[in-house]
Each structure stands twice: as C-alpha cells, then as structure tokens.
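The values are calculated or read from the model by the stated rules, or taken from the named source; none is laboratory data. This structure is a prediction, so every number in the text was calculated from the model and none was measured. In this analysis, Cβ positions are derived from the backbone assuming ideal geometry, glycine residues included, and neighbour counts consider all displayed protein chains. In case anyone asks, the SASA skips ligands and DNA or RNA and just uses the protein heavy atoms, side chains included. Shrake-Rupley method; radii C 1.70, N 1.55, O 1.52, S 1.80 Å.
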Amino acid sequence: MTSLTADSTSPDSRSDAVVLFGVSGDLAYKKLLPALYNLERAGRLDGPVIGLARSAWDDERLRARAEGAVRDAATQVDEAALARLLGRLRMLAGEYTETATYEALAAMLADTARPLFHLAVPPVVFESVVAGLNAVGLADRGRVVVEKPFGRDAASAAELNTALTRYVDEQNIFRIDHYLGKESVEGLLVFRFANTLFEPLWNRHYVKSVQVTLAESLDTEGRAGFYDGVGAVRDVVQNHLLQIVALLGMEPPIADDADAYRDEEVRLLRQVRPIDPDDTVMGQYEGYGEEDGVAPGSITETFMATTLWIDSFRWAGVPFHVRAGKALAGAATEAVVELRRPPRLLFASKSAERPEANRLHFRLGHDDGVSVTLQAKAPGAKAVSQPVALGVDFDRALGHRQEAYERLLDDAMDGRKHRFARPDTIAEEWRIVDGLLAAGKEPELYRRGTWGPAAAAKVADPWHPVTT
Ligand code: NDP
C-alpha cells in the first residue's frame, strides 16, 4: 500500500494523556468521546483521559456521559474496550479563567510527558485556556487541538492565531476542519493521483465544469441561536467546501510531508478569485426568521450558491459551481466533474446527436463512492448513445473506514499535521469569502425541501442531480 501521509513520528513522542476542555458540550458527546472509544478499541490510547468543564461533574457523572455517548454512536459496543475507556476517565470541574484549574490539571498530569489538549469550547475561551496552560508549564510540553470556526473574517482569524501562538508553538497547534479527516474527502487525492486513467484529463482542456454541493435536509434543529450571525458561508463554505475545491484542483504534493501537502492546498487557494457578490445567490428558508434565537430581520443566509474561478494554468476558464444550504430537498456532500462533450457522434453532423458529457460523480458523505457516466450504444438499429453509470460503493468495496474524529485525534496524538489546517490556508479561505460577507447581501426566501431560491438554478445550468 502506498502512503499519502507517512508516519514520521517516533513512538515515544505519542501523547500519553488526553484532556477534553468543554467535555460537557455537544461536540464531546457526539464526536470526541466516541472517537476516544474507537481509539481505545484499537489499542491507541495511553494514560489518563481528563474531562474539564465548568459544570460541577464528578468522575461518575463523566463516566455515565461517556457511556451514553459511546452507546449512542456505536452499533455494537465492545464492552471490554468501553470499560477500559471509562477506567481512564477523570473529571476536573473548574473555571477556564482561574489559575487554580490549571494547577489542579498540572497535578493530574504530573506523570505524563506529552498531553493532548482538545479545546472543545467556544473560540472566546481559547485564549484563556492556552494562557492557563502556559502559566503552569503545560503549553510547552503539550499539543493543542482547536476547532473551527477560526475567526469570523480574515482579521479576526489573524487575531486568534496571534493569541494562540503567543503561548503555544505552531508545531504543537492542530486546527481541525474535520472534512480533512474524512476518508472520502482525502480519497479525492488518491483517486486523482493514483489513477492514470483520469489525471491526464484533469484540466481546462477536458473539464467543462465542476460542481460541489454540500446540502443538508435538516434545518438549524433548534440551534438557530448559534447559527444566526454565522450563516452558510462561515459555517461550511469558508472551510469544508473550499477544502474540497482545493483537493479537486491542487497539484500533487512534491513530498510526503505535512508541509508539502498543505503547500499545494494553499497554492491552489491563492489562485481562487474572491467571490463576486453579484454572481452569488444567498437564500434563507421560510420560517427561519421566527425561530428561537434569530435576531429580528436577520439576513443570515441558510443557503448560498456561487461560481468560483481559479486563475491557474490548469483551471483558467473552468467554472467551479458551489452551493451549500440547510432545509434543502436532500442531504448530500458531492462533487461532479463534467468533461467536455465530443463534437459529434460517429458520422452524424447534427449537434442534437452529440453524445452527452462524461461525468465523474464523487459521493463524499456516509454512502461514499464514485460513479462515472459513460456513453454506450443504445439498443436498436440506430448508432446513438445512451448514458450508463459505472460505479463503486466504497463501503461495499473497501469495508469499514475510520470516522474523521478518530483519525484526527490519532494524528494529533502522534504529532502528524497533514490533515490539519494551516494559518495561511485559513487566511486564503477568508480572503475568498470576506468581500461577499462584507457586502451584506439580502438573502432570498426559499421553501423548505427545495434546492434553494429559484435564482440558484442559474448559477449552474443545470445543477446535476445529487444522490440523496
Ligand atoms: P458547546 O456550545 O456545547 O460548548 C462546549 C462547552 O463549553 C459547554 O458544555 C460549556 O461547558 C462550555 N461553554 C459554552 N459556552 C461557554 C462560554 N461562553 N464560556 C465558557 N465556557 C463555555 O460547543 P460544542 O461542543 O458544540 O463545540 C465545541 C467547539 O467545537 C466550538 O468551538 C464549536 O464551534 C466547535 N465545533 C462544534 C461542532 C459540533 O458539531 N458541535 C462541529 C464543528 C466545530 P461548561 O459550561 O460545563 O464549562
């Protein structure tokens, strides 16, 4: 097997403790505790797992919470692994701003060499936490994982970065955009660079357009208070969607190390023009304005569609249509690469008889896979073509793959940085969306269960059907 991300760390530098700040929260329950259970099952955990929060929990309360999280997430629970994980858990209740919290934490970590600190708390708390760790000497020897959002715009992202790097060496900061941890998303690079079949076609000469869709059928699910003022662009476009575009468009890394890999992502993003608000459709589903926590007259977008242009030799003139939204007709994370059509079918001269385009259709969500629309001869007397799909379902073909958070925590514990966002990547992503956000474009209302405002249909004509 050929590796994209060689393991360059020595075993003795692996983290020997995990501290979850904000362990009482949603992310810890849904993703982090189940990921730690998977790592325990794989024999990848060592040392204590400490939960830290202001909530006045004790060890038993934390263990009950962790057990609930694991049983909710796993279809079949390995009881021995769960018991081992519960045995490692310790709770530390305290304020994020008080030195006493960090002194108690340092005492609990006295026998460890390389703790991992996962900041599953709102970004307003990040600076207090790293300052607190620094005050007791933990920032120097630990690794710090932070979650998106990385700021609200380029300026605030730079400020956040300055605050983090004041206390923690860049080498020990791991910024999670969990899309980079998805096997399916990383699979785009393997598909492109491990298959001679497609790579020669991957350019403006053969590709007509690219479409990327990140659609949710769910609405804000009672979290409108969090979502309002954030919106689709900050929530998923600036990070996840631009990462997908970068992986679809970038050049092959020149070496198997974290910086070579991320250099190419940044190089691609640097060539993406800032989004033009006039070419962008912003939408808001009907009824959003009445949800709890939404400001009166809110113009927060729950949908956006636009076309990105990449001014590179490879991609000049090829539109990358992207859209993302909530309460849509289906849930899908997909990319479609459409090739140019042949000029005619065999000896036919009428344009109506041109074969349809070949399309590569990448499914990047839970049912990940890829299909290629080919043209076959339609049955019958006439030599006309008919589209047929050639597809593979990766779950069936490859078996179980790891969850993003399991891979990302495992990487961070080993100090591997390939799958973590770098500050220059984040700065480029903000550069692309900042002008659009600053324009404060009024969203158009759309009905739930549709594909967004009618005007979105004009951004890509047509939007290829997604698998829902
Ligand atoms: P929560 O809002 O659930 O907060 C996590 C914990 O942080 C809370 O349980 C609370 O613990 C503490 N907390 C909340 N607000 C404050 C505050 N103002 N000051 C101090 N402590 C506070 O967040 P999530 O778990 O949803 O997310 C954690 C981080 O991960 C955030 O940065 C979020 O943006 C990011 N993220 C979350 C995702 C998700 O699916 N939930 C997805 C991607 C990123 P206590 O009061 O007990 O200290």
* Report, ordered by the first and then the second residue, all pairs with beta carbons closer than 6 Å, sequence separation of six or more or different chains, a first member in segment 449-468 that is more than 20 Å from G391 (Cα to Cα), and a second member that is in a loop (DSSP other than H, G, I, E, B). => G449/A329; T450/A329; W451/A329
* Asked: Of the residues that make up segment 398-412, is at least one among the small types (G, A, S), open to solvent by 20 Å² or more (accessible area, probe 1.4 Å), under 28 Å from L36 (Cβ atoms) and outside any strand (DSSP E or B)?
  -> yes
* Give A139, A107, A113 a once-over and let me know the one that is assigned to a helix (DSSP H, G or I), more than 14 Å from the ligand (Cβ to nearest atom) and in contact with a strand residue (DSSP E or B) (Cβ under 9 Å, 6 or more places away or on another chain). => A139
* Asked: Which residue, of A120, A154, is buried (at least 16 other Cβ atoms within 10 Å of the Cβ), closer than 22 Å to H240 by Cβ, away from the ligand (no atom under 15 Å from the Cβ) and hydrophobic (A, V, I, L, M, F, W, C)?
  -> A154
* Structure fact -> Listed by first then second residue, the pairs whose first member lies in segment 99-116 and is aliphatic (A, V, I, L, M), whose partner is at pLDDT 95 or above and open to solvent by 70 Å² or more (accessible area, probe 1.4 Å), with beta carbons under 9 Å and at least 6 positions apart or on separate chains, are M108/R90
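Okay, residues lined up against (1) assigned to a loop (DSSP other than H, G, I, E, B); (2) more than 16 Å from the ligand (Cβ to nearest atom); (3) modelled with pLDDT of 95 or more:
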{"site": "E40", "(1), (2), (3)": "no, yes, yes"}
{"site": "G51", "(1), (2), (3)": "no, no, yes"}
{"site": "W57", "(1), (2), (3)": "yes, no, yes"}
{"site": "A66", "(1), (2), (3)": "no, no, yes"}
{"site": "A83", "(1), (2), (3)": "no, yes, yes"}
* Could you tell me whether D78 is surrounded by 14 or more Cβ atoms within 10 Å (Cβ to Cβ), acidic (D, E) and in contact (Cβ under 8 Å) with a residue 12 or more places away in the chain? => yes
* **Residues (aliphatic (A, V, I, L, M), within 15 Å of the ligand (Cβ to nearest atom) and under 15 Å from L85 (Cα atoms)) located in segment 11-35** => V19, L20, V23, A28, L32, L33, A35
* From the set of residues in segment 68-80 that are touching a helix residue (DSSP H, G or I) at 6+ places or on another chain (Cβ under 6 Å) and assigned to a helix (DSSP H, G or I), which is farthest from D111 (Cα to Cα)? -> A73
* Yes/no for R223 being within 21 Å of the chain's Cα centre (by Cα), within 22 Å of L269 (Cα to Cα) and within 14 Å of the ligand (Cβ to nearest atom) -> no
* Structure fact -> Given the conditions (1) open to solvent by 10 Å² or more (accessible area, probe 1.4 Å); (2) in contact with a Ser or Thr (Cβ under 8 Å, 6 or more places away or on another chain); (3) farther than 19 Å from E442 by Cα, every one holds for G229 apart from (3)
* Asked: Which ones in segment 356-397 are assigned to a loop (DSSP other than H, G, I, E, B) and closer than 30 Å to V18 by Cβ?
  -> L364, G365, H366, D368
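Listed here are the residues, each with its yes/no results for (1) touching a Lys or Arg at 6+ places or on another chain (Cβ under 6 Å); (2) over 17 Å from Q238 (Cα atoms); (3) open to solvent by less than 20 Å² (accessible area, probe 1.4 Å).
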site: E265; (1), (2), (3): no, no, yes
site: L268; (1), (2), (3): no, no, yes
site: Q271; (1), (2), (3): no, no, no
site: P274; (1), (2), (3): no, no, no
site: G289; (1), (2), (3): no, yes, no
site: F303; (1), (2), (3): no, no, yes
site: V322; (1), (2), (3): no, no, yes
site: A332; (1), (2), (3): no, yes, yes
* **segment 287-308 residues that are within 12 Å of A324 (Cβ to Cβ) and part of a loop (DSSP other than H, G, I, E, B), paired with ones that are of a type outside the set (G, A, S) and open to solvent by 50 Å² or more (accessible area, probe 1.4 Å) (beta carbon under 9 Å, 6 or more apart)** => E301/K441
